[in-house]
Amino acid sequence: MATDFTQEDLFVGKQILVDSDRLVFNGREDITYSANKLFLFKTNGEFHINTKKDTFINTPRIYLGPVEGNQDPNIPAVKSNELKKILRTLIFDLKMFFRVQYPKTSGLQGPNPSINKGLAINIIKNLNDLDNKLDSIDSQTVFIR
């Protein structure tokens, strides 16, 4: 895990323990909680954050998912804008190849060049369809920097 946590019953030092069936803190305007080293929410059930506006988590890194084998989640998120630039360049280059080079060269070792031109046209159509779908990979609810 990223930070070790000392269980309440093992902690040595000043602390306040409250044991209750329910705790309610209600700030009329706002509430601030802070800690110097670790802030931990722990539950055996569900954890909810309910808000009528946006939620901001201001931190240099966010790890989503369970710790497995004592290892924090380690699969990087993809920046969709960067991925779309790369894919659009690849799609453009493939379309150029299938428009210009493929019909000319593939007939030397394969079927009739007119068949290859038909195949190239079909592949170009599929690449255009893929290019048109790239914006659909953008999340409408989760944003990263």
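The count of lysine pairs in the chain whose Cα atoms are under 20 Å apart, excluding pairs fewer than 8 places apart on the same chain, comes to 16. As a proxy for reagent exposure, 138, 54 were ordered by neighbouring Cβ count within 10 angstrom, fewest first; the result is 54, 138. Angle check, please: helix 80-96 long axis (alpha carbons) against the longest principal axis of the chain (alpha carbons), in degrees 0 to 90, nearest 10. Rounded to the nearest ten degrees, it is 10.
Reported value for the chain: 216 Å³ per residue, from the convex hull of its C-alpha atoms. Round to the nearest 10 and give me the degree value, 0 to 90, for the angle of helix 113-133's Cα axis relative to the longest principal axis of the chain. Orientation of helix 113-133: about 20 degrees from the principal axis. A helix-only calculation puts the chain at -9500 deg cm²/dmol for mean residue ellipticity at 222 nm, using -39500 (n - 2.57) for each DSSP H run of at least four residues, averaged over all residues.
Just so you know, all these numbers are worked out from the coordinates, no wet-lab data involved. In this text, all values refer to a predicted model and were calculated from it rather than measured experimentally. Here the Cβ is made from the backbone with ideal geometry for all residues, glycine too, and neighbour counts use every protein chain on show.
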